[in-house]
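Have a look at the structure below, then the notes.
Read-outs: derived from the displayed coordinates by stated rules, not from any lab. Worth saying up front: this structure is predicted, and the values here are computed from it rather than measured. Every residue, glycine among them, receives a Cβ derived from its backbone with ideal geometry; neighbour counts consider all protein chains shown.
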Amino acid sequence: MSFFVYFRLRLAVCLLLLMSCGRLVAQMNVSGVVVDPDGAVVPGVRVELRTLRGALLNGGSAVSDNAGRFRFAHIAAGDYQLQVPAKYGFEQYQAPVHIGAGVT
């Protein structure tokens, strides 16, 4: 194998590794608390994280715990829609979510 072919192969592998690492770094966790209009926590509520086109993300569904907390792990940087479907007499809730690389 010539030096140039070997060098180009190594360069390509290094670039692929750097791109893979960049995607891992750009993934964030999204968390929050479900509360009613009076500020009381609401357990057992399904919370969804969807693309702007309305598709549910892989791992984009969670149920609030006894303290009303929910969490989505390893979400890539981008713009999303957080949704809480109407249930138990509450109206549907939607909020835009922007996840930037390096933002906590």
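For segment 75-93, residues that are surrounded by 12 or more Cβ atoms within 10 Å (Cβ to Cβ) and part of a strand (DSSP E or B) total 10. Scan segment 29-68 for residues that are surrounded by 15 or more Cβ atoms within 10 Å (Cβ to Cβ), out of contact with any Ser or Thr (no Cβ under 7 Å at 6 or more places or on another chain) and in contact (Cβ under 8 Å) with a residue 24 or more places away in the chain and the total you get is 7. May I ask you to list the residues in segment 49-66 that are within 15 Å of residue 93 (Cα to Cα) and among the charged types (D, E, K, R)? The answer is 50, and nothing else.
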